[in-house]
1. Hey, which of the helices (runs of 4 or more DSSP H) in the range 203-306, taking only ones fully inside, have at least 1 residues that are polar (S, T, N, Q) and more than 16 Å from the chain's Cα centre (by Cα)?
2. Enumerate the pairs (first residue in the range 268-284 and under 12 Å from Gly305 (Cβ atoms); second residue anywhere and of a type in the set (Lys, Arg)) with beta-carbon separation below 6 Å, excluding pairs fewer than 6 apart on the same chain, so at least 6 apart or on different chains.
3. In the range 492-516, which residues are open to solvent by 20 Å² or more (accessible area, probe 1.4 Å) and either among the polar types (S, T, N, Q) or more than 19 Å from Tyr361 (Cβ to Cβ) (or both)?
4. I'd like to check something: does the range 380-390 contain any residue that is more than 23 Å from the chain's Cα centre (by Cα) and not in a loop (DSSP other than H, G, I, E, B)?
5. Give the range 125-155 a look and list any residue that's of a type outside the set (A, V, I, L, M), free of Cβ contacts under 8 Å to residues at least 60 places away in the same chain and open to solvent by less than 10 Å² (accessible area, probe 1.4 Å), or say none.
6. Among the candidates Ala377, Ala419, single out the residue that is free of Cβ contacts under 8 Å to residues at least 40 places away in the same chain and surrounded by 20 or more Cβ atoms within 10 Å (Cβ to Cβ).
7. Give the number of residues within the range 544-562 that are surrounded by 18 or more Cβ atoms within 10 Å (Cβ to Cβ) and modelled with pLDDT under 90.
8. Just wondering, is there one or more residues in the range 388-406 that are more than 27 Å from Leu252 (Cα to Cα) and without any contact (Cβ under 8 Å) to a residue 60 or more places away in the chain?
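The values are calculated or read from the model by the stated rules, or taken from the named source; none is laboratory data. Here the structure is a predicted model, which means the values were calculated and not measured. Cβ placement follows ideal geometry from the backbone for every residue including glycine, while neighbour counts extend to all protein chains displayed. All accessible areas refer to the heavy atoms of the entire protein, side chains included, with ligands and DNA or RNA removed. Shrake-Rupley method; radii C 1.70, N 1.55, O 1.52, S 1.80 Å.
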Amino acid sequence: MPPRPAPRFAPPRVLREPLSRGRGRDGGGGGGGFVLRSPVPLAAYARSVGDVLARWATEAPERVFLAERSGARGDWRTVTYAEALAAARSLGQSLLDRGLDRTRPLLVLSGNGIDHALLSLAAMHVGVPVAPVSTAYSLVAKDPAKLRALAAILRPGAVYADDGVAYGRALAALDLGVPCLVSRNAEAVFASSGTGQGSRAPTTVEDALRTAPTRSVDDAFASIGPDTVAKVLFTSGSTGAPKGVVNTQRMLCSNQQAIAQTWPFLADRQRPPVVVDWLPWSHTFGGNHNFFMVLWHGGTLYVDGGKPAPGLFDETVRNLRAISPTLYFNVPRGFDLLASALEADDALAERFFAELDLLFYAAAALPQSTWVRLEAASERFRRGARVTMVSAWGATETAPLVTQVHFPIARAGVIGLPAPGCELAFVPVGKKLEMRVRGPCVTPGAWGPGGAIEPVAIDERGFYPTGDAGTLEDDAAPERGVVFGGRIAENFKLASGTWVHVGELRVAVVAACAPLVADAVVAGHDRDDVGLLVFPAPGAGDVRERLRERVRAFNASRAGSGTSTRIARAMVLAEPPSIEAGEITDKGYVNQRAVLDRRAALVDRLYAGDDADADVVRFA
């Protein structure tokens, strides 16, 4: 395979200025803080994502936009850009006929799929907000209370579930009394409850697609503006109770324009972007960043039915054997599994790297060991040329991109520079610098009763406080990028009064223990030393003795650095993190606080000092 040229990035330029006077959350002044912004202005961008769909339906009508496996043989079902626009108009009319409007959204219970995508595009085409929620609330949770709470916040005008059998229990539990759309097994919606959905007969998406669009669709589309609510995305609860974050057309479109300006290579290729992606559309990474990036550049999205979980990653490998992506997105756990698959299968690696421009990780910190394995695998099949590896940073409230890596980086942790249009303030909070954002990507607020928007909290300078910490890779050379510093709320003090910076410590120790450890939670608030609750990697077996060796070596490498950076004890957990209890998100992000709260008794055991407790590993 000839070596692929490195992707063309925008030059890494940034402006830095002192933080204006004000008071941080801890009561401190602006001393030590600063603001970063791109010197490149954000260019004009589309009014709505519907305009972008209409553009490609005109310029490349026969190009495949969406594809997914379907049928008994798992053949690819495809939808072209022209077909997607026609479907958005027909389904948009169907939603209007059912009384949906800007105050009565479409609630989506299902995971990624073509019907999900078409309904979402249809809703946004006619100004109806769409709200995809995590499938865990419907398919995993034993108690539907959280799903009911989300529905009570949203007050939807209709609900979509792709399979009446799989989602029958959830639909019956909701009993919203609103129209229901399903892709298959519509008859099962009522079988589980007898009266579900207020006795309204469900409509199949296939039937809804036969709806003839009228002038009302055109009028609704013409009325859309930058402030029109496109989506309501519920936060995972990793930083508190879930809330419905409003995503406007301005947020989505300005985000994609910023990406296009920092990654001009997306417009360079003879072939538009090709993406194979599993990341859930109920989250901003997969549902906004990835999905709309493909649409913005007229690319093709192959919906991956796999995910980085036992028994499911095989489907991802199957899809990557069939399709060579130009961009590949994943979370750290997914890349860890991918590295193993590439190392074991030359044919898969050959296919995977054939057209690849870059690898992109986000949602959690990537262990450096996984980074090195991926680079080594790429060198074998790219004639010594390493694949470009990048990341970014943002939040549900920023749709999501704020910073983007658009320059070569040598290690994980660097999250790039502010994208055009985004200002990033670093505000002293305790001994950390909190990253706060100002720009067109910031949400106006949270969805409230009747579609009222509850304004987002901003500081006195007009910046949105994210709760994430960051610093510069090189204070003397800010163009080298920002380094993520973890969640400020996760940090705590030992009994000595010494701060433990959880994000940095967790990333370092998990990397030191790879591949034995899938993740870890740092404990020790008001204790004498730092402890770990360890989630072992699937299939790793009993890792306690090997863990003892790795952590001792880790501690030795930090000799003289103080108790806050070394691990004194650990407990290997038999139960994986619970998605129902909010301990982990669909993307694999482990909520440190939720784990510590739910497993408080185990934390007490960890520090009990019982030498006979075989589950506790101590590091002398």
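1. Numbers: elements: 205-208, 215-222, 249-262, 291-296.
So the answer is 215-222, 249-262.
2. Trp278/Lys307
3. Taking the range 492-516 and keeping what is open to solvent by 20 Å² or more (accessible area, probe 1.4 Å), we get 493, 495-499, 501, 504, 506-508, 511-512, 514-515.
Once the filter is applied, which keeps residues that are open to solvent by 20 Å² or more (accessible area, probe 1.4 Å) and either among the polar types (S, T, N, Q) or more than 19 Å from Tyr361 (Cβ to Cβ) (or both), the range 492-516 yields Lys493, Ala495, Ser496, Gly497, Thr498, Trp499, His501.
4. To start, the set of residues in the range 380-390 that are more than 23 Å from the chain's Cα centre (by Cα) comprises 380-386.
Next cut, not in a loop (DSSP other than H, G, I, E, B) only: 380-381.
Yes, the conditions are met somewhere in the range 380-390.
5. Hit for the range 125-155 is Ser138, nothing else.
6. Values: Ala419 fails: free of Cβ contacts under 8 Å to residues at least 40 places away in the same chain.
When all the criteria are applied, what remains is Ala377.
7. Residues flagged as surrounded by 18 or more Cβ atoms within 10 Å (Cβ to Cβ) and modelled with pLDDT under 90 within the range 544-562 amount to 0.
8. Narrowing the range 388-406 to residues more than 27 Å from Leu252 (Cα to Cα): none.
No, every residue in the range 388-406 fails to be more than 27 Å from Leu252 (Cα to Cα) and without any contact (Cβ under 8 Å) to a residue 60 or more places away in the chain.
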